[in-house]
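Inspection log for the structure reproduced underneath, given as structure tokens.
Every read-out reported here was derived from the displayed coordinates using simple, explicitly stated rules and does not represent laboratory data. Everything numeric here is computed off the predicted structure, so don't read it as measured data. Positions of Cβ are backbone-derived with ideal geometry, glycine not excepted, and every protein chain shown enters the neighbour counts.
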Amino acid sequence: MTSTNKLLLEAKGITKYFGTITALENVNLKVHEGECLGVVGDNGAGKSTLMKVLSGLYKPSAGALFFEGKEHVLDSPKDSQNLGLEMVYQDLALAGNLPIGENIFLGREPTKNIGFLKFLDFKKIQEMTSAHLEKLKINVKSAEQKVEELSGGQRQAVAIARSTAFNAKVVIMDEPTAALAIKEVGKVLDLINKLKSTGVGVIVISHRMDDIFTVCDRVMALFQGTNFAESQLDKTSRDEVIGWIMGKK
Amino acid sequence: MKSLVGLWEKNKMDDKEKKQDSLYVKLIPYFEKYGILLLLVIMILVMHILQPDVFLSWRNVTNVFKQISWQSMLALGVFMVIVTAGIDLSVGSIMMLSLMILAIVAKAGAPWFIVVLVPLFAGFLCGLINGLGITLLRMPHPFIMTLGTLYIFRGTGNLISGGTPISGFTDEVRYLGHGRIDLTWLGLEKSQYLPVSLVLIAVVYFVFWVFLNHSRTGKWIYAIGGNPSAARASGINVNKILIIVYSLCGFLSGIGALILAGRTDSGYPNAGLQSELDAIAACIIGGASFFGGRGTVLGVFAGVMIMGILRNGLNLMDVSSFWQQVLIGSIIVLAVYVDVLRRDFGTRK
């Protein structure tokens, strides 16, 4: 189903050295519109390094990134954000002391001018937040609520909402359910499915087979910094994927 | 039948709990925002009852504002730094150095507008040095950088002045710290004037309130205190914001120097000694958190006022300054303990 959709992000031959250590070697990756790609691998397999290359935090030693068919060189996370490529970090990257709305728009706050001075437009933040949360069917008491008052699942939802507030085309999630209570995992996975249905391409890095087999359409395994195996989800099984993580085919 | 009664009883209890809950939820934000003002009002009432003739007299109230004028500038600067989860121990020394530079420039016969601008610029530069040191030299904690500059700036101030007081400034230079706004046109007596420093406090605090709450940079200052890695991931240049914060803190200390010059008509080596601790105390009493991201400009103002009124009131009652130290220390501990209790209270809802 997904192969007919538009190709959004493609990484070709990504190689990354840290001094004498080879973290990634000739890694390829593709994500299509409305598709969820699961990336699995043991600790140190290169998952995080690959994601940091995709988000512009690291520059690859070799290889190229193509976004919607065009090659791009990313110098910083700002560059990837401008392309519509957003990252949801494992540690959530939210400021607990600020309200939901201000977290979602942190760094990109709408302002209004009074004379030559720029002031925050709280009304606009509020409106845009409510509309966006509504769109993703995220329930919170109000956009004014501070993030530290939310549960882990709600925070993850806010983090995901934040990543998609500016028309993201590809969202990369690093262990989106790792810090959550079991009853909240389902809600976050639902949210990922909702994102897919709006045409966003999603990359999920996860250790949890449940996550991978609930939301992903395709799964790829990294082993010691290389592409080890890849398959459509309906053509593989949990045991096989677990085998890939351990380097067995 | 019995079970129905039980159910009804249970419902009644649920209702009661709900009511209590909503009351908590309604009260907490107000308590959080205005609790410290309540303490301030209580203190004013107590002082008024203890000293009914003097405490609320025009003369004494303006006196309190004159006394807190320069401390309030240091406290506001330190507050911004504390919001970023940092600390600035050097504000007293920055003020002293700025004051000494002002005195030397004034003695050299520079025109008054230069003399007035010099401490502001000097304070800003000192703050900039702090900010650059913390970010570029990657000091493990701002405590260390500003502890270093606490000595460096005061030492420099003593070096350039030879460690002796330099006195005698013109009226223009002394205006902010010593000026009076005549109110006789309102039908008030000549002695019922408005100190310029009071107006200055109001203006500066208002400007910084707007800056911290209604500008993007201000919001980012709070965000950095809340979670620096979140701020960084949001594309905020954390180092740049920190440099701005420490520079502004130095600038405010420079304003403090200008006020002090007006009040004392002299640059003297002991100026602002230990005042960094007063500034930190005012922030803590006012509800700022050492872990960053928390606190309000209004709270800092209340903190400064509480310390000022306590000192003034105890002086009026002829209580020894040793007792003042004990009391101020106790209030710091008490204020933070109340904050701890409030937090428990808040999470139990």
* Asked: Among A:His72, A:Ile245, A:Val140, whose Cα sits farthest toward the positive end of the charge dipole of chain A (+1 at Cβ of Lys/Arg, -1 at Cβ of Asp/Glu, about the Cα centre)?
  -> A:His72
* Could you list the residues of the stretch A:138-164 with an amide nitrogen less than 20 Å from a label point located 7 Å from the Cα of A:Leu57 in the Cα-to-C-beta direction? => A:155-164
* Summing +1 for each Lys or Arg and -1 for each Asp or Glu, what net charge is found among the other residues whose Cβ lies under 10 Å from the Cβ of A:Ala64? -> -1
* **J(HN,Hα) series, the stretch B:73-83, from Karplus relation 6.51 cos²θ - 1.76 cosθ + 1.60, nearest Hz, glycine and proline x** => 5, 4, 4, 5, x, 4, 4, 4, 5, 5, 4
* **FRET efficiency for A:Ser76 and B:Gln325, using Cβ-Cβ distance with R0 set to 60 Å, rounded to 0.05** => 0.70
* Any idea what the dipole of the protein assembly as shown comes to, in debye rounded to 20, about its Cα centre with Lys/Arg Cβ at +1 and Asp/Glu Cβ at -1? -> 460
* To do: Give the long-range amide H neighbours of B:Arg294: residues separated by 5 or more places, or on another chain, with amide H under 5 Å away, using H modelled in the peptide plane at 1.01 Å from N.
  => B:Ser289
* Asked: Under a Cβ-Cβ cut-off of 13 Å, what is the net charge of the residues other than A:Ala181 that fall near it, where Lys and Arg count +1 and Asp and Glu count -1?
  -> +2
* Residue-span extension gain [B:Trp112 to B:Ser229] - 0.36 nm each, minus C-alpha spacing -> 37.5 nm
* Return the calculated 222 nm mean residue ellipticity for chain B, to the nearest 500 deg cm²/dmol, obtained by summing -39500 (n - 2.57) across DSSP H runs with n ≥ 4 and dividing by the residue count. => -26500 deg cm²/dmol
* Asked: What are the residues whose amide H is under 5 Å from the amide H of B:Gly286, where those residues sit 5 or more places off or on another chain and H is modelled from the backbone?
  -> B:Gly303
* If R0 is 60 Å, what FRET efficiency do you get for B:Glu172 and A:Asn5 from their C-beta distance, rounded to 0.05? -> 0.25
* Structure fact -> Per the helix-only model, chain A has a calculated mean residue ellipticity at 222 nm (DSSP H runs of ≥4, -39500 (n - 2.57) each, divided over all residues, rounded to the nearest 500) of -9000 deg cm²/dmol
* Whole-Hz Karplus ³J(HN,Hα) for the stretch B:223-239, in order, using 6.51 cos²θ - 1.76 cosθ + 1.60 and θ = phi - 60°, x for Gly and Pro? -> 5, 4, x, x, 6, x, 6, 5, 4, 5, 5, 7, x, 7, 7, 4, 4
* Determine the distance separating the Cα centre of the stretch B:86-104 from the Cα centre of the stretch A:224-245; give it in Å without decimals. => 64
* With labels modelled as points extended 7 Å from the Cα through the Cβ direction, what inter-label distance (nm, one decimal) is found for A:Ser130 paired with B:Asn158? -> 6.1
* At a Förster distance of 41 Å, what's the computed FRET efficiency of B:Ser191 paired with A:Asn167, Cβ-Cβ distance as r, to 0.05? -> 0.05
* Please give the length that would be gained between B:Val340 and B:Phe290 if that part of the chain were fully extended, namely 0.36 nm times their separation in residues minus their C-alpha to C-alpha distance (nm, one decimal). => 16.7 nm
* Scan around A:Ile172 for amide H atoms under 5 Å from its own, H built in the peptide plane at 1.01 Å from N, and keep only partners 5 or more places away or cross-chain. => A:Glu86, A:Met87, A:Val88, A:Ile203
* At B:Leu27 and B:Phe206, where each label point lies 7 Å from the Cα along Cα→Cβ, what is the point-to-point distance in nanometres? -> 3.4
* **Leading residue at positive end of dipole, the stretch B:235-345 (Cβ point charges), from B:Thr296, B:Tyr337, B:Gly286** => B:Thr296
* Rough spin-label spacing in nm, given labels placed 7 Å along Cα→Cβ, for A:Asp239 and B:Val333 -> 6.6
* To do: For the stretch B:240-257, take each phi angle, set θ = phi - 60°, evaluate the Karplus expression 6.51 cos²θ - 1.76 cosθ + 1.60, and give the result in whole Hz per residue in order, putting x for glycine and proline.
  => 4, 5, 5, 4, 4, 4, 5, 5, 5, 4, x, 4, 5, 5, x, 4, x, 4
* Three-way shape call for the stretch A:18-72 based on the alpha-carbon gyration tensor, with the a/c threshold at 1.5 -> oblate
* To do: Quantify how strongly other chains surround peptide B:218-224 by giving the mean number of their Cβ atoms within 10 Å of each of its Cβ atoms.
  => 4
* Considering every residue in A:114-122, what mean count of other chain Cβ atoms within 10 Å of its Cβ is obtained? -> 3
